[in-house]
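The values are calculated or read from the model by the stated rules, or taken from the named source; none is laboratory data. Note that this is a predicted model, so its numbers are computed, not measured. All Cβ positions, even for glycine, are placed from backbone atoms using ideal geometry, and neighbour counts span all protein chains on display. Remember, those area values only see protein heavy atoms, side chains included, never the ligands or the DNA or RNA. Shrake-Rupley method; radii C 1.70, N 1.55, O 1.52, S 1.80 Å.
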Amino acid sequence: MRGIKESPWIIHYDASSCNGCDIETLACLTPLYDVERLGVINTGNPKHADIFLVTGAVNQQSAPVIRNIYHQLPEPKVVVAVGICAASGGIFRECYNVSGGVDTVIPVDVYVPGCAARPEAIIDGVVKALTVLEQKHRAMKAMANSLDQTLYLRADKSDAPEILALQKIAYQSEAELYGDDSLPVMHQTLQELENDFERAFERVAALADSQGTAADHRQEADRIVFLKAVVNGKIIGSVRGFALGETAYLRRLIVHPYFRRRGIGRRLLKEIENAFPDARRFEAKTGHQSKRNLYQLAKGGYEVFRTEPFTPNINWVYLQKDRSPAPAETKGVK
Ligand code: SF4
């Protein structure tokens, strides 16, 4: 963290500013203010940046770009909204295509006031951002040290925003692997994910015998499971699954990149299997180049049984596993 604090890298994006705040931001780099002498670097690559600095109000065209850049920054990261437009939409707030400030699409940590924001205020905002960055870094470190206290719980619709944010961070490495930022999972909206919770229940309810009792329906609905791995109150992993007949289908096993290779994914896989005690078979799928997923599933006892093209770059690999017979059933078997 000391290195980052002494030389933070910034990525600047103009969401739809009048250019006033951009000129002031660039003025910070010119010889008069020269923030580079303090170690602050303006980079063009979000994967190298610690601080996301946004100017201008958010409109329909800039919103997806802001989201995309934000999710490419490694954790921990800080967002600085520069100028009143980035803070609230400013004078463009009432425009038909403007949704408001940056916090309408991503969480903002520091607001720099002004129209246009003065270079001194922008530099002050970056200094404040570094304090926030340090706090986030400490929090993540504390979480990493508490992984042995991770709770594996059922998730519900109220967890959708956190799971969605995690999903976009977790799938970033997959998007990079396949050189494809258009993966549907990366562009899922909160509404769509909330619908996943709803629709899943609707679908199961539809499968349930309409003559059945409310308890029967509830029992059926219990066959759709969203799990979350929680440490210090934050979701760091998730998986979902549903049962049809004797097969449980497992989907979207995700772990925050900061906490990978520490057994969270393996435990989530085990927990989701345990959530389907009646399933005789489990089925999962992953991309053909996703070696880590394939390795993890193979270690969990899964075997490849089919592949299928998904996009020109990606083939789905389907894996399956039969449930090990219960100890009572194996009694007497040599
Ligand atoms: S805050 Fe003022 S200077 Fe900055 S983008 Fe908005 S209108 Fe332009």
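Data for the structure
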{"read-out": "Local net charge near Ala284, Cβ-Cβ under 9 Å (Lys/Arg +1, Asp/Glu -1)", "value": "+2"}
{"read-out": "Solvent-accessible area, 1.4 Å probe, carbon plus sulfur percent, for the stretch 135-195", "value": "52"}
{"read-out": "For the stretch 219-322: rounded, prolate or oblate by the Cα gyration tensor [a/c cutoff 1.5]", "value": "oblate"}
{"read-out": "Tensor-based shape of the stretch 24-81 (alpha-carbon gyration tensor, a/c under 1.5 rounded, otherwise prolate or oblate)", "value": "oblate"}
{"read-out": "Ellipticity estimate at 222 nm from DSSP helix runs (n ≥ 4, -39,500 (n - 2.57)) divided over the chain, nearest 500", "value": "-11000 deg cm²/dmol"}
{"read-out": "Cut-off 9 Å between beta-carbons: net charge of the residues surrounding Val239, Lys and Arg +1, Asp and Glu -1", "value": "+3"}
{"read-out": "Radius 13 Å from Cβ of Cys28, net charge of other residues (Lys, Arg +1; Asp, Glu -1)", "value": "-4"}
{"read-out": "Probe 1.4 Å, protein heavy atoms only - accessible area per residue of the stretch 257-329 in square angstrom", "value": "62"}
{"read-out": "Solvent-accessible surface ranking, highest first, for Lys157, Lys270, Lys228 at 1.4 angstrom", "value": "Lys270, Lys157, Lys228"}
{"read-out": "Label-to-label distance, nm, for residues given as Leu244 and Asn313 (7 Å Cα→Cβ offset)", "value": "2.8"}
{"read-out": "Rounded percent of accessible protein surface that carbon and sulfur make up, the stretch 221-271, 1.4 Å probe", "value": "44"}
{"read-out": "DSSP H segments from the chain that extend 27 Å or more along their own axis, Cα-based, with Kyte-Doolittle mean of -1.0 or above", "value": "119-145"}
{"read-out": "Three-way shape label, the stretch 1-143, alpha-carbon gyration tensor, a/c 1.5", "value": "oblate"}
{"read-out": "Rounded accessible area per residue of the stretch 126-201, 1.4 Å, Å²", "value": "52"}
